[in-house]
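> My questions all concern the structure below.
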Amino acid sequence: MELVSIGYGGLVASQRVIAVVSPDSAPVKRLIAEARDRSMLIDATFGRKTAAVLLMDSDHVVLSALPLEKLAPRFGLDPAALEEEP
């Protein structure tokens, strides 16, 4: 099991992550609220502003204070691949 740092001492199992998304859209905000209601939300921001939301295969939702640009290389992804396509 490979653990990846999501900032400030928080770690997640990289093979359990399904998606990493921005917390700004209304559907993601609803997803966070639903996860909180189901007690499936893990707040790993340590009091900082949420910059990324990780969706896990166990239905847990993990909040991270690190932006997607900093998390991508930790998961072995090229940050250039994160550019929005026209």
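> With the crude spin-label approximation of a point 7 Å out along Cα→Cβ, what separation in nm comes out for Asp57 versus Arg38?
Result: 1.7 nm between the two label points.
> Describe numerically, in nm with one decimal, the distance between label points set 7 Å from Cα along Cα→Cβ at Arg16 and at Leu3.
1.1
> What fraction of the DSSP beta bridges in the chain is antiparallel, stated in percent and rounded to the nearest 5?
Antiparallel bridges: around 75 percent, rounded to the nearest 5.
> Something else: Using each residue's phi in region 45-50, evaluate 6.51 cos²θ - 1.76 cosθ + 1.60 at θ = phi - 60° and report the 3J(HN,Hα) Karplus result to the nearest Hz, with x for Gly and Pro.
Values per residue, Gly and Pro as x: 7, 6, x, 9, 5, 6 Hz.
Quick note: the coordinates plus some simple rules give every number you see, no bench work behind them. Please read all numbers here as calculations on a predicted model, not as lab measurements. With ideal geometry, Cβ positions are generated from the backbone for all residues, glycine too; neighbour counts draw on all protein chains shown.
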